[in-house]
1. Of the accessible area of the chain, with the probe set at 1.4 angstrom, what percent is carbon plus sulfur?
2. In terms of modelled amide H atoms, which long-range or inter-chain residues lie less than 5 Å from the amide H of GLY64?
3. How much area per residue is accessible in the stretch 143-226 when the probe is 1.4 Å and only protein heavy atoms are counted (Å²)?
4. More than 19 angstrom separation, counting every C-alpha pair in the stretch 117-195; what % is that?
5. Consider all pairwise Cα distances in the stretch 122-163 and report the whole-number % of them above 13 Å.
6. Just from the alpha-carbon atoms, what are the Rg and Dmax of the chain in angstroms?
7. Taking loop as defined by DSSP and a crowding limit of 13 other beta carbons within 10 Å, which GluC sites (Glu not before Pro) in the stretch 112-155 fit?
8. Using helices alone, what [θ] at 222 nm do you get for the chain, with -39,500 (n - 2.57) per DSSP H run of 4 or more residues, divided over all residues and rounded to the nearest 500?
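The values are calculated or read from the model by the stated rules, or taken from the named source; none is laboratory data. Remember, predicted model here, so these are calculated numbers, not experimental data. FYI the Cβ positions are ideal-geometry reconstructions off the backbone, even for glycines, and counts take in every protein chain you see. Side chains included, ligands, DNA and RNA excluded: accessible areas come from the protein's heavy atoms. Shrake-Rupley method; radii C 1.70, N 1.55, O 1.52, S 1.80 Å.
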Amino acid sequence: RKDDISNLPVKSGRYGLLSISDNGIGISDQIKCKIFEPYFTTKEKGKGTGLGLSVVYGIIKSMGGDIQVYSEVGAGTTFNVYLPVMENTSNVKLEETTNEIPTGTEHILVVDDEYPIARVLQLLLERLGYTTTVRTSSIEALEAFKNNPDKFQMIISDMSMPNMRGDQLTLKIRQIRPNTPIIICTGFSEKISKRKAKKIGLNGFIMKPVVKSDLARLVRKTLDAT
């Protein structure tokens with residue numbers, strides 16, 4: 001189906017359109033702006049993870065496409081998924097893939113005010129061989145670092161936290177030990193530009209939900225570089 005993509009954040013070209021609609025209760029504007037955020041859900045506790053649409057968004061964006069949502073309260077919702085059309089597949093070379101994921105043994109301080117998320121990061125890192133310490137308060141994390149700054153070889157912190165955001169924690173850590181490797185985990189609505197990351201002294205940032213292979217490579221690359 002042909003459709004106007006002039007206002008979409010995609011490259012010019014031919015796109016396939018997959019449109020899914022329902023006649024349900026619709027989505028309010030207050031909720032619609034959050035539906036692609038990792039871990040955001042309107043379901044009751046224990047009934048939803050809030051990862052479905054976030055994962056879908058990430059897949060579509062990684063393929064060079066886009067997803068648009070049109071909804072009116074009481075009149076249903078439509079999701080339009082735009083994916084680039086591949087013109088010729090006969091000469092496409094498959095990229096070499098590898099199952100080798102880098103590991104390590106360093107001690108990493110994990111900071112996230114939501115314990116389930118911090119726990120997932122902890123499990124991922126420990127399965128890669130790293131030792132971890134978890135704090136669910138940025139203030140407590142800063143205190144732990146102050147008490148023994150040489151204990152931690154890296155800090156992985158959430159961006160949006162009460163009392164002290166991840167970027168603010170980064171600046172505090174830099175005042176104690178300037179060369180400490182720091183990676184920020186950020187959600188859909190709080191993206192960090194490379195310029196801002198460099199300005200506040202970050203060594204890297206990764207989008208939620210975190211993929212194990214991406215996390216492993218970023219952590220190993222950052223530690224080896226510093």
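1. It is 51 percent, rounded to a whole number.
2. Those lying under 5 Å, H to H, from GLY64: there are none.
3. 53
4. Cα-Cα pairs of the stretch 117-195 separated by over 19 Å account for 35 percent.
5. Looking at the stretch 122-163, the distances longer than 13 Å represent 58 percent of pairs.
6. For the chain, the Cα-based Rg and Dmax read 20.4, 61 Å.
7. Listed in order of number, the matching sites are GLU114.
8. Rounded to the nearest 500, the figure is -9000 deg cm²/dmol.
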